[in-house]
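The structure appears below as structure tokens.
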Amino acid sequence: MSKTENNASSSEHLEKRAKVEEKTKKENYVKNKNASILNPLLINPKQRGNPLIKHITSVPYEYSEIVPDYVTNQTSCILFLSLRYHQLNPDYIHERLKTLGSSYNLRVLLVQVDIADPHHSLKHLTRISILADLTLMLAWSAEDAGKIIETYKIYEMKPPDMIMERSDTAPHQKIQSALTSVRAVNKTDALTLLSTFGTLKDIIKAPAGALALCPGFGTHKAQRLYKTLHEPFLRTDTKINIKK
């Protein structure tokens, strides 16, 4: 075999190997992406006919003889309750909780609000949830309820930072966030202040009249900002003399 043929053969081999590696990477990506839904959502057979089930479309599920109504994983479960049913059978939820006992770390009480005046019932269920270590979730329709259950299953294996609040780390973003905490000051106003004065120190030192000259500011907004920036951190207590 000539040197040219050998190089061509080697190049073809490397190309095939690269394709195989790329295919493997894609397969692993899909596998990892779907890792959280490999195990199906478990549904108590007593929930057959519940309209919410037809709205669970993004995760696989199967019926199983379980104590709760839904089980998303080994440590999480969901009890479903219609407020209309709760009004007719107020002892039902107590019996379910007795049967459930202390099983599962995360215990969700999913309540579908399907009555006109739910406040009294929700107050009662809130108290039960606190005493029984339940997470109370409200759904306003069968579709909402189905999607809540589906979301618990989808996020089963997701890391905590997926749903944690993301804080701004850049200095100008922190300053912008601080300025917009003042009532009536929006992000555009904050950017205007930074572009006009340059630093937070110069914004604080600026008189109210100079703040009012910024585009989008007026006397009222400027005075509100000025007052907020110059309020003392500690409130001084006023002494009251009481005559005996």
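One table, with the values for the structure above:
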item	result
Qualifying positions in the stretch 197-216 - closer than 17 Å to A178 by Cα and of a type outside the set (G, A, S)	F197, T199, L200, K201, D202, I203, I204, K205, L211
Any chance K174 is farther than 30 Å from L106 by Cβ, open to solvent by 100 Å² or more (accessible area, probe 1.4 Å), at pLDDT below 85 and part of a helix (DSSP H, G or I)	yes
Selection status of K3, modelled with pLDDT under 90 and surrounded by fewer than 10 Cβ atoms within 10 Å (Cβ to Cβ)	yes
When residues of the stretch 43-78 are limited to those that are in contact with a Cys (Cβ under 9 Å, 6 or more places away or on another chain) and aliphatic (A, V, I, L, M), the one nearest to E143 (Cα to Cα)	V71
Filtered residues of the stretch 103-121 (kept if over 22 Å from the mean Cα position of the chain (by Cα) and surrounded by fewer than 18 Cβ atoms within 10 Å (Cβ to Cβ))	S103, D114, I115, A116, D117, H119, H120
Members of the stretch 70-92 that are more than 14 Å from N50 (Cα to Cα) and polar (S, T, N, Q)	T72, N73, Q74, T75, S76, Q87, N89
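The values are calculated or read from the model by the stated rules, or taken from the named source; none is laboratory data. On a predicted model such as this, the values are computed, not experimentally measured, just so you know. All Cβ positions, glycine included, derive from the backbone under ideal geometry; neighbour counts span all protein chains shown. These accessible areas exclude ligands, DNA and RNA; they are computed on the full protein's heavy atoms, side chains included. Shrake-Rupley method; radii C 1.70, N 1.55, O 1.52, S 1.80 Å.
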